[in-house]
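See below for the structure under consideration.
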Amino acid sequence: MKKYKFLFLSAFLLVSIVCQSAIPTGYYYYLRGKKKAELKSTLSEISSPLVVLDYGSGEGYTWQGFYKTDRNSDNSVKDMYSDIVRTFDGFKSIEGMAIEHSFPKSWWGGYENTTYKDLFNLYPADAYTNGIKSNLPLGEVTGAAILDNGKSKIGKNGFETTYTDNCFEPSNEYKGDFARSYMYMVSVHQSLVSLWNSPMLTNTTYPSWKPWAINMLLKWSRQDPVSDKERDRNDSIYTIQNNRNPFVDHPELAEYIWGNDTTSSFDYPVETGSFLISPRRMTKLDFGLLYVNTNKTVSVNLQGVNITSSVTLSFTKQNTPFSVNSTIISASDVQNGYNIQINYNPTSVGETKDTLLIQGGGLTEITRVPLIGTATSDFIVTEPTNVTP
């Protein structure tokens, strides 16, 4: 099974080399009219990674991602931590380099979850610098530095007076990069709020940052605008994880959530292209355990914006136990909202996986809804319902 996974990821990444992405139509539709905490929470709903590579070296692992996201045209590594030039050898890890959790993994307990593997927080880094950096917060070094290699500094923090212990300071050309990575982490992965343990953070969903930290991150974001390097990396990660860093696509979001525009709602531009608002990204349907030759139906709302023609529904497999009440939905029904009835009627024992495909109507991308169901002929014990004293 592992072999097929690697083959799929390898082919997926090779295809993506020539398929750089723009922002998908409708990706940020749900941000319109929101502000502050609600705006931040919506980012978590729309921009969480759908797929993550395994952590480590080799095909299907982090270093294959780095090969796509952090490689210069001369095959050298884009290293934001030192000036030492190192080159890629395929998808292998590189001697003297580490997989750096920019937002330190110890800040959420080091659990090897999706957050642990998210490429938006992982960078190839000089191992020596990374080792000294450890889990230090970001800051602006004052006085004699413990380390200063021309690109990274480590020493006492001199930004404001709340936190004055050791910190990590990137070079000016990358301060915006780090600020937008950190903003992404506390927004997209805000479900880990109860675990956060850092001099920069509070255990709150909003604002998440201590005042001195957000003041510094806003300063860095303003002084170091989004670069082509960040845009290219954002597009590359999208081809791998199917999610984006909103603060790279729309750096002004930082102002609406924490900065000068928190009293205003985010005025996202009206879109003219076709897109679905339901089912939303990351929608998956699990029909659970069912007896053979019985049926279960799940209703899913289908609704789109700027739909120009009929939308078709199909499945990736033939002779599937899944079916829908209609395979062609008119443009007006999709615009107004239409309830798709998805049926699962297994005729044999075992687990079945399939994918519902939604396409047409002017949509530029196929929406895929993974389906899973399990059938048995054995006795089933179910949870009690309508329990009374």
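The values are calculated or read from the model by the stated rules, or taken from the named source; none is laboratory data. This structure is a prediction, so every number in the text was calculated from the model and none was measured. Heads up, the Cβs are rebuilt from the backbone with ideal geometry, glycines too, and the neighbour counts pull from every protein chain shown. All accessible areas refer to the heavy atoms of the entire protein, side chains included, with ligands and DNA or RNA removed. Shrake-Rupley method; radii C 1.70, N 1.55, O 1.52, S 1.80 Å.
Which residue is most open to solvent (accessible area, probe 1.4 Å), if the candidates are limited to the stretch 80-110 and must be of a type outside the set (K, R), free of Cβ contacts under 8 Å to residues at least 12 places away in the same chain and over 19 Å from L136 (Cβ atoms)? Ranking the qualifying residues of the stretch 80-110, first place goes to E95. For first residues located in the stretch 220-240 and under 16 Å from A254 (Cβ atoms) and in a helix (DSSP H, G or I), partners that are among the basic types (K, R) and open to solvent by 40 Å² or more (accessible area, probe 1.4 Å) and lie 6+ apart or on another chain with Cβ distances below 9 Å do not occur.
Checking the structure you have, find out if any residue of the stretch 151-167 is closer than 28 Å to L50 by Cα, out of contact with any Leu (no Cβ under 9 Å at 6 or more places or on another chain) and at pLDDT 95 or above. No, every residue in the stretch 151-167 fails to be closer than 28 Å to L50 by Cα, out of contact with any Leu (no Cβ under 9 Å at 6 or more places or on another chain) and at pLDDT 95 or above. Criterion first (under 22 Å from the mean Cα position of the chain (by Cα), buried (at least 20 other Cβ atoms within 10 Å of the Cβ) and modelled with pLDDT of 95 or more) does T129 satisfy it? Spelling it out, it is not the case that T129 is under 22 Å from the mean Cα position of the chain (by Cα), buried (at least 20 other Cβ atoms within 10 Å of the Cβ) and modelled with pLDDT of 95 or more. Only residues that are outside any strand (DSSP E or B) and open to solvent by 50 Å² or more (accessible area, probe 1.4 Å) were counted in the stretch 307-333, giving 11. Among the residues of the stretch 215-223, are any exposed (fewer than 15 other Cβ atoms within 10 Å of the Cβ) and closer than 28 Å to P124 by Cα? Among the residues of the stretch 215-223, at least one is exposed (fewer than 15 other Cβ atoms within 10 Å of the Cβ) and closer than 28 Å to P124 by Cα, which makes the answer yes. Provide a single number: the residues in the stretch 244-279 that are surrounded by fewer than 15 Cβ atoms within 10 Å (Cβ to Cβ), closer than 27 Å to I340 by Cβ and either among the acidic types (D, E) or in contact (Cβ under 8 Å) with a residue 60 or more places away in the chain (or both). Of the residues in that region, 2 qualify. Within the stretch 50-70, residues that are part of a loop (DSSP other than H, G, I, E, B) have Cβ atoms under 7 Å from residues that are buried (at least 19 other Cβ atoms within 10 Å of the Cβ) and of a type in the set (K, R) in these pairs: V52/K117; L53/K117; Y55/K117, counting only partners at least 6 apart in sequence or on another chain.
Here's the yes/no breakdown for (1) under 25 Å from N243 (Cβ atoms); (2) of a type in the set (A, V, I, L, M):
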residue	(1), (2)
T283	yes, no
D286	yes, no
V292	no, yes
K296	no, no
F322	no, no
I329	no, yes
N345	no, no
P370	yes, no
D378	no, no
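Test T114 against the stated conditions and say whether it is of a type in the set (V, I, T), open to solvent by 50 Å² or more (accessible area, probe 1.4 Å) and in contact (Cβ under 8 Å) with a residue 60 or more places away in the chain. Yes; evaluated as a whole, the condition is true for this residue. Out of D286, D354, one residue alone is touching a Leu at 6+ places or on another chain (Cβ under 7 Å), in a strand (DSSP E or B) and of a type in the set (D, E, K, R). It is D354. For the structure I just gave you, tell me whether S93 is under 21 Å from D232 (Cβ atoms) and touching a strand residue (DSSP E or B) at 6+ places or on another chain (Cβ under 9 Å). Judged against the criteria, S93 is not a match.
Within the stretch 280-315, the residues that satisfy the criterion of being aromatic (F, W, Y) and at pLDDT 95 or above are F287, F315. None of G350, G373 is open to solvent by less than 50 Å² (accessible area, probe 1.4 Å), under 27 Å from the mean Cα position of the chain (by Cα) and within 21 Å of K284 (Cβ to Cβ) except G373. Looking only at residues in the stretch 334-347 that are in a strand (DSSP E or B) and surrounded by 18 or more Cβ atoms within 10 Å (Cβ to Cβ), the one that is farthest from the chain's Cα centre (by Cα) is Y344. All of (1) surrounded by fewer than 24 Cβ atoms within 10 Å (Cβ to Cβ); (2) within 24 Å of I132 (Cβ to Cβ); (3) free of Cβ contacts under 8 Å to residues at least 60 places away in the same chain hold for T204 with one exception: (2). Filtering the stretch 176-201 to residues that are open to solvent by less than 10 Å² (accessible area, probe 1.4 Å) and more than 21 Å from the chain's Cα centre (by Cα) leaves only M200. When the stretch 137-175 is filtered for residues that are among the aliphatic types (A, V, I, L, M) and surrounded by 20 or more Cβ atoms within 10 Å (Cβ to Cβ), the ones remaining, listed by number, are L138, V141, I154. Condition check for F247 on (1) part of a helix (DSSP H, G or I); (2) at pLDDT below 95: one failure, at (2).
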